[in-house]
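The values are calculated or read from the model by the stated rules, or taken from the named source; none is laboratory data. Treat the numbers as computed from the prediction; the structure is a model and nothing was measured. All Cβ positions, even for glycine, are placed from backbone atoms using ideal geometry, and neighbour counts span all protein chains on display. Just so you know, the surface numbers come from the protein's heavy atoms only, side chains and all, with ligands and any DNA or RNA stripped out. Shrake-Rupley method; radii C 1.70, N 1.55, O 1.52, S 1.80 Å.
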Amino acid sequence: MNTEITIIRPDDWHLHLRDGDMLAAVLPSTAKIYGRAIVMPNLIPPVTTVKLAEEYRKRIIDARPEGSDFKPLMTCYLTDTTSPEEIKAAYAVKAFHAVKLFPAGATTNSESGVTDIANVYPVLETMQEIGLPLSVHGEVVDPEVDIFDREAVFINRVLEPLRKDFPELKIVFEHLTSKEGVDYVFEQDKNMVATITPHHLYLTRNDLFSGGLNPYMYCLPIAKTFADRKAVRKAAVSGDERFFLGTDSAPHPARIKEKSKAAAGIFNAPTSIGYVTQFFEEMNALDKLEGFTSIYGARFYGFSPNSSTITLAKRDKPVEIDWQLKSGGDVVKIFKPGIPLYWELVD
Ligand code: OTD
Ligand code: ZN
Ligand code: ZN
């Protein structure tokens, strides 16, 4: 028997859409499911100004499939030299919905990121004043820190001081992966929220090595232990408004994934809502799905939930799709954890 569920159309509060051929290839998958998305600014060159964000927004709008009214919500790539005046002016015209902090070197295309948080204190002061959220890649880049501890160490070294100095600053702790991260957010107030990705609901670090080294399970922050995954899973189904969906869908061509020094990033957009729904069902928490995917994030960013709905169906047999897309001359593989997918979008 097929089971169906209808929910308010979700939003994706953390997404990498890229540009050019890749944008054209991946955008339809997102636009089919999500009403809006917070679009990450880590292009080359990064989206650091209102002008660049507006141009990028137009390219996304132009790449939408016919009839789609998907809305990209632009973000600003924070650098050591971002000016508070630009941020203020941008906010006035709603050019940016968040400012993104990439510690320099922390993840893909983060080379222009912030080298010392002290450098951006004037900008943070302004953001606190106007209520513009800071979206954070929460990992230290210190090569002396074990890669599995980088999120936990970031809390002590960067987030705690930041929270003390800017208690009213709205912060999104992006793509939570650790028990320490989850515990920390639970201890904070409404100004501190977190996104959770579909892949971090499914993966542990074992998946990186299962059956041989697998670059398609490699993203940053890296998947962690069973205990960490358990904490992230609990947060997702908790019904606590501070935790909501951000897919962190981050496509790379297969030739960039299947090589030494493989790029970090998991492209999950096409199967994202199916796997998230399947996970909530497994946790007996389907009643909490809509809050996580379609309500809490909107509320935090100051929007009403979408006015349309989507319907998902659970199939008797695993969903069969072509687990890859074509982008220009490239192939982009879709996230496929070791578990068959039973849920798919039907309307
Ligand atoms: N993580 N890859 C990318 C971004 C994310 O940290 C992230 O938000 C990417 O390719 O842009 C990744 O592993
Ligand atoms: Zn990140
Ligand atoms: Zn990301």
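Considering (1) assigned to a loop (DSSP other than H, G, I, E, B); (2) within 20 Å of Leu17 (Cβ to Cβ), the lone condition that Asp347 does not fulfil carries the number (2).
Go over the candidates Ile256, Ile339, Ile334 one by one and state the one that is buried (at least 17 other Cβ atoms within 10 Å of the Cβ) and either at pLDDT 95 or above or over 18 Å from Ala37 (Cβ atoms) (or both). None of the other options fit; the residue is Ile334. Residues of segment 234-260 that are part of a loop (DSSP other than H, G, I, E, B) and of a type in the set (Gly, Ala, Ser): Ser238, Gly239, Gly246, Ala250, Ser260.
Reported count of residues in segment 308-326, each being in contact (Cβ under 8 Å) with a residue 60 or more places away in the chain and open to solvent by 10 Å² or more (accessible area, probe 1.4 Å), is 9.
In segment 113-152, the qualifying residues are those that are assigned to a loop (DSSP other than H, G, I, E, B) and within 29 Å of Phe303 (Cβ to Cβ), and the one that is nearest to ligand 3 (Cβ to nearest atom) is His137. Could you tell me whether any residue of segment 273-281 is more than 19 Å from the chain's Cα centre (by Cα), assigned to a helix (DSSP H, G or I) and of a type outside the set (S, T, N, Q)? Within segment 273-281, one or more residues are more than 19 Å from the chain's Cα centre (by Cα), assigned to a helix (DSSP H, G or I) and of a type outside the set (S, T, N, Q). A single member of Ala90, Ala98, Ala118 is touching a helix residue (DSSP H, G or I) at 6+ places or on another chain (Cβ under 9 Å) and either surrounded by fewer than 17 Cβ atoms within 10 Å (Cβ to Cβ) or within 19 Å of Val185 (Cβ to Cβ) (or both), and it is Ala98. So, in segment 86-144, of the ones that are among the aromatic types (Phe, Trp, Tyr) and within 24 Å of Arg57 (Cβ to Cβ), which residue ends up nearest to ligand 2 (Cβ to nearest atom)? By that ranking, first place goes to Phe102. The requirement of being farther than 21 Å from Phe70 by Cβ and either crowded, with 18+ Cβ neighbours inside 10 Å or free of Cβ contacts under 8 Å to residues at least 12 places away in the same chain (or both) is satisfied by Asp287.
Collect the residues in segment 234-253 that are among the charged types (D, E, K, R) and either within 16 Å of ligand 2 (Cβ to nearest atom) or open to solvent by less than 20 Å² (accessible area, probe 1.4 Å) (or both), keeping them in residue-number order. Correct list: Asp248 only.
Just give me the residues in segment 15-32 being at positive phi and within 16 Å of ligand 2 (Cβ to nearest atom), in sequence order. Selection gives Arg18 alone. Under the condition of being within 15 Å of ligand 3 (Cβ to nearest atom), touching a residue at least 60 places away in the same chain (Cβ under 8 Å), open to solvent by less than 20 Å² (accessible area, probe 1.4 Å) and over 25 Å from Asp322 (Cα atoms), the residues counted in segment 1-45 number 4. Scanning segment 158-190 for residues that are within 19 Å of Lys100 (Cα to Cα), in a loop (DSSP other than H, G, I, E, B) and within 16 Å of ligand 2 (Cβ to nearest atom) yields Glu174, His175, Leu176, Thr177. When Leu201, Leu220, Leu213 are screened for being modelled with pLDDT of 95 or more, within 30 Å of Gly20 (Cβ to Cβ) and within 16 Å of ligand 3 (Cβ to nearest atom), only Leu220 passes. Among the residues of segment 162-188, those identified as open to solvent by 30 Å² or more (accessible area, probe 1.4 Å) and touching a Lys or Arg at 6+ places or on another chain (Cβ under 9 Å) are Lys170, Lys179, Phe186, Gln188.
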